[in-house]
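Comments concern the structure below.
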Ligand code: HPA
């Protein structure tokens, strides 16, 4: 894994370098940004007239930090809207670096997106929900112990103390639930909790999370939501509940199980993304 490209430049200068490269490649004015979660990357193949760029070729982005097999930015049209997709994530657990975890989102903000759709695979904490379901994120709990906005505030990005009351757009959630129901897709709705990972949680931690009000648990999404909310972007969060969280069932969890479970949900996941783009 190369660290060469990760320079000590301030984020605003790094984003400017990335944008120069992307503009040269024709990535111009996307309306919507999407981050695809583990096992959910195939949606990127549905884009019309795609420009596909390896993270490794984009200044200050490195595929070496991505845990999914893809590390590609895909730009193009989908149902007539210009969108940019990040297929592959920089997880916090790769480097204990929130700046890296949030960087692709900062780039999408710089490109001018108005809406960010964050997707992930997550463990199901709420026993009224179930593995295999899709959950709209209504709010989050950040138990990573870190925050991407720590450090000198970049006023060009947003305020020092951003409000987080309306991070996941209520209006879009209501609309999305209505449209999904009309397609026969029932969406759960609940609170996503970020743990740093990469170890899965213990059963005792899952009982604690249930007590503090979490419905799902994962290792991503929160850094991206914090920087996008900071910049005033409207956010939709969709969790694929790939497994019951640790200790709910009397069996161990595995990363493979998470990825394999995602295959079964591709169709309804893609439909919900369709709707989230269309609103
Ligand atoms: N815990 C944390 N992250 C996850 C899980 C889980 O059970 N499943 C998918 N991502």
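Every number here is computed from the coordinates shown, using simple stated rules; none is lab data. Being a predicted model, the structure only gives us computed values, none of them experimental. Quick reminder, even Gly has a Cβ in these numbers, built from the backbone with ideal geometry, and neighbours come from all protein chains shown.
How far, in degrees from 0 to 90, does helix 203-212 lean away from the longest principal axis of the Cα atoms of the chain, to the nearest 10?
Value to nearest ten degrees: 80.
Translational diffusion coefficient of the range 11-144 at 37 °C, 0.692 mPa s, Stokes-Einstein with Kirkwood Rh over Cα pairs, in µm²/s as a whole number.
Result for D is 211 µm²/s.
Please report, in whole Å³, the volume per residue of the convex hull around the C-alpha atoms of the range 126-213.
143
Taking a cut-off of 22 Å, what percent of all Cα-Cα pairs in the range 8-81 are separated by more than that?
25
If packing is taken as the mean number of other Cβ atoms within 10 Å per residue, what is the order of 215-224, 75-84, highest first?
Ranked by mean Cβ neighbours within 10 Å, highest first: 215-224, 75-84.
Taking the beta-carbon count within 10 Å as an exposure proxy, list 124, 193 from fewest neighbours to most.
124, 193
Please give the length that would be gained between residue 263 and residue 21 if that part of the chain were fully extended, namely 0.36 nm times their separation in residues minus their C-alpha to C-alpha distance (nm, one decimal).
Answer, rounded to one decimal: 83.8 nm.
Note the angle between two axes, namely the Cα long axis of helix 11-24 and the longest principal axis of the Cα atoms of the chain, as a number of degrees from 0 to 90, rounded to the nearest 10.
80
Counting pairs of alpha carbon atoms under 8 Å apart in space and at least six apart in sequence, what relative contact order in percent does the chain give?
24
Taking every DSSP beta bridge with both residues inside the range 63-204, roughly what % is antiparallel (nearest 5)?
55
Over the range 149-198, how many percent of alpha carbon pairs lie in each 5 Å bin up to the one with the longest distance?
With 5 Å bins starting at 0, P(r) equals 4, 14, 15, 14, 16, 15, 11, 7, 3, 0.
Would you mind putting 134-146, 243-255 in packing order, based on average other-beta-carbon counts within 10 Å, highest first?
Answer by packing, highest mean first, reads 134-146, 243-255.
Taking 4 °C and 1.567 mPa s as the conditions, I'd like the Stokes-Einstein D for the chain in µm²/s, using the Kirkwood hydrodynamic radius from alpha carbon pairs.
Here the translational diffusion coefficient equals 69 µm²/s.
Can you give me the three principal axis dimensions of the range 188-246 from its C-alpha atoms, in Å, biggest first?
Rounded to whole Å, the extents work out to 36, 24, 21 Å.
Give the span of the range 72-178's Cα atoms along each principal axis, as three whole-Å numbers ordered largest to smallest.
Principal extents (largest minus smallest coordinate, Cα): 42, 39, 28 Å.
Percent antiparallel among DSSP beta bridges with both residues in the chain, to the nearest 5?
Antiparallel: roughly 40 percent of the beta bridges in the chain.
In what sequence do 227, 51, 74, 258 fall when counting other Cβ within 10 Å, fewest first?
51, 258, 74, 227
Helix-derived [θ] at 222 nm for the chain: sum -39500 (n - 2.57) over DSSP H runs of at least 4, divide by residue count, nearest 500?
Taken over the chain, the calculation gives -9500 deg cm²/dmol.
Let's test this: bin the Cα-Cα distances of the range 155-253 at 5 Å from zero up to the farthest pair and state each bin's percent.
Using 5 Å bins, I get a P(r) of 2, 11, 18, 19, 17, 15, 11, 5, 1, 0 for the range 155-253.
When Rg is the radius of gyration of the Cα atoms in the range 133-173 and Rh is its Kirkwood radius, what does Rg/Rh come to?
With Rh from the inverse mean 1/r over Cα pairs, Rg/Rh is 1.04.
Note down the Stokes-Einstein diffusion coefficient of the range 74-116 in µm²/s, whole number, using a Kirkwood radius over alpha carbon pairs, 37 °C, and 0.692 mPa s.
It diffuses with D of about 285 µm²/s by this estimate.
Rg (Å, one decimal) plus Dmax (Å, integer) for the alpha carbons of the range 231-279?
When restricted to Cα atoms, the range 231-279 yields Rg and Dmax of 14.4, 43 Å.
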